[in-house]
1. Within 11 Å, Cβ to Cβ, of PHE188, how many net charges do the neighbouring residues add up to if Lys/Arg are +1 and Asp/Glu are -1?
2. Give me the percent of the accessible area of the chain that comes from carbon and sulfur atoms, probe 1.4 Å, all protein chains in place.
3. Taking θ as phi - 60°, what are the ³J(HN,Hα) couplings along the stretch 98-106 by the Karplus curve (6.51, -1.76, 1.60), each to the nearest whole Hz, with x for Gly and Pro?
4. Okay, which of the stretch 83-102 sit inside 20 Å, backbone N to the point 7 Å along the Cα-Cβ direction of SER131?
5. Going toward the positive end of the dipole of the stretch 4-230, with +1 on Lys and Arg Cβ and -1 on Asp and Glu Cβ, which of PHE29, VAL46, PHE94 do you reach last?
6. Which value, in Å² rounded to 10, gives the accessible area of ARG223 with a 1.4 Å probe and all protein chains present?
7. Once every DSSP H run of n ≥ 4 in the chain is given -39500 (n - 2.57) and the sum is divided by its residues, what mean residue ellipticity at 222 nm do you get, rounded to the nearest 500 deg cm²/dmol?
8. For the cross-link pairs LYS104/LYS195; LYS3/LYS116; LYS69/LYS101; LYS114/LYS213; LYS65/LYS101; LYS50/LYS216, which exceed 28 Å when the distance is taken from alpha carbon to alpha carbon?
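The values are calculated or read from the model by the stated rules, or taken from the named source; none is laboratory data. Remember, it's a predicted structure, so these values are computed and weren't measured experimentally. Glycine gets a Cβ as well: all are built from the backbone with ideal geometry, and neighbour counts include every protein chain shown. What goes into the accessible areas is simple: the full protein's heavy atoms, side chains included, and nothing from ligands, DNA or RNA. Shrake-Rupley method; radii C 1.70, N 1.55, O 1.52, S 1.80 Å.
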Amino acid sequence: MMKLNLLKNLNLEITPETEKLLTLYQENFLAYNAHTNLISKNDEKVFFEKHLYDSLSINLFKGFKECKKLLDIGTGGGFPACPIALLNNKINIFAVDSIAKKIKFINKLAQELKLKNLTAIVARAEELPISYLENFDIATSRAVAPLNVILEYAAPFIKVGGYFVAYKSKIVNEEINHAQNALEILNFKIEKIIKYELPLEENFERNLVIIKKTNKTPKDFPRKVGMAKSNPL
Ligand code: SAM
C-alpha cells in the first residue's frame with residue numbers, strides 16, 4: 001500500500017483520481033520490473049518512499065509552479081519524469097536516457113495511462129536535437145553523475161532564466177565545491193538548496209539543488225559524447 005497521505009508534506013493534495021492514477025502507475029511499474037530491471041528487487045518494497053515521493057519533492061520548489069516544459073536527463077525507469085508527469089498534466093515533460101529498454105517502459109506507460117504530456121526519447125544527453133537548445137524552463141536529473149558533469153549535460157537545453165534542479169543526497173556540499181568551475185563557465189548560479197527527508201528509517205536525507213541559468217551557454221557546448229565525463233569542467 002502506498003502512503004499517499006504523506007504527500008501532504010510536499011504540499012500535494014491527492015484527489016481520488018490522482019490516487020487511482022498513482023496506484024495504476026505503481027502496478028504497471030512493478031509488473032514491468034519483474035522481468036526488466038528498472039529498480040532493484042529490494043527497492044520494490046520502498047517504491048513509494050524512495051522513488052515516487054522523492055521524484056515529487058520538486059513541488060517544494062516555488063519556481064516549479066511556473067514550469068511549462070521540463071527535460072529529465074538520465075531518467076532511467078522514469079524518475080523524476082513519470083511521477084511529475086502524472087500529477088502535472090499542464091507541463092510538457094521530455095524524458096531522456098541512453099538505454100532503450102528503460103525508455104520503452106516509459107512510452108508504454110504513457111500510452112496505457114494516456115499521459116499526453118510525457119515523451120520519452122532514447123538519446124545521450126550530449127546528442128539531443130538542436131531544436132532542444134535553450135528550450136526548457138527546467139531540467140532535472142537524479143542519480144546520474146556528479147554535479148559538474150550533469151550541469152554540463154543540462155546547461156545548453158535550459159532557457160536563460162530557467163533552472164537546473166539536481167536531486168542529491170547528503171554529500172551535496174562536496175559536489176558543489178567541485179562544480180564551481182562548471183557553474184562559472186556555463187553561466188549558472190546556485191539559488192538555493194532545499195533539504196527534505198524521505199519517509200524512510202535510514203538514508204532519508206535528500207536535497208534539491210536549485211541552480212539558475214543567468215546567461216546563454218557558450219557555443220562550445222554540448223561537447224562531444226563522453227567529454228563531460230572523461231574531461232570534466
Ligand atoms: N534518474 C533515474 C533514477 O533516479 O532512478 C535513473 C538513475 S540511473 C542510476 C542513471 C541513468 O542515467 C541510467 O539509466 C543511464 O543510462 C543514464 N545516463 C547516464 N549518462 C547519460 C547520458 N550521457 N545521456 C543519457 N542518459 C545517461
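1. After counting each charged neighbour, the total is 0.
2. Result for the chain: 51 percent of the exposed heavy-atom area is carbon or sulfur.
3. Running phi through 6.51 cos²θ - 1.76 cosθ + 1.60 with θ = phi - 60° gives 7, 9, 4, 5, 6, 5, 4, 4, 5 Hz.
4. 91-98
5. PHE94
6. Accessible area, nearest 10 Å²: 50 Å².
7. It lands at -8000 deg cm²/dmol.
8. Table pairs above 28 Å Cα-Cα are LYS104/LYS195; LYS114/LYS213; LYS65/LYS101; LYS50/LYS216.
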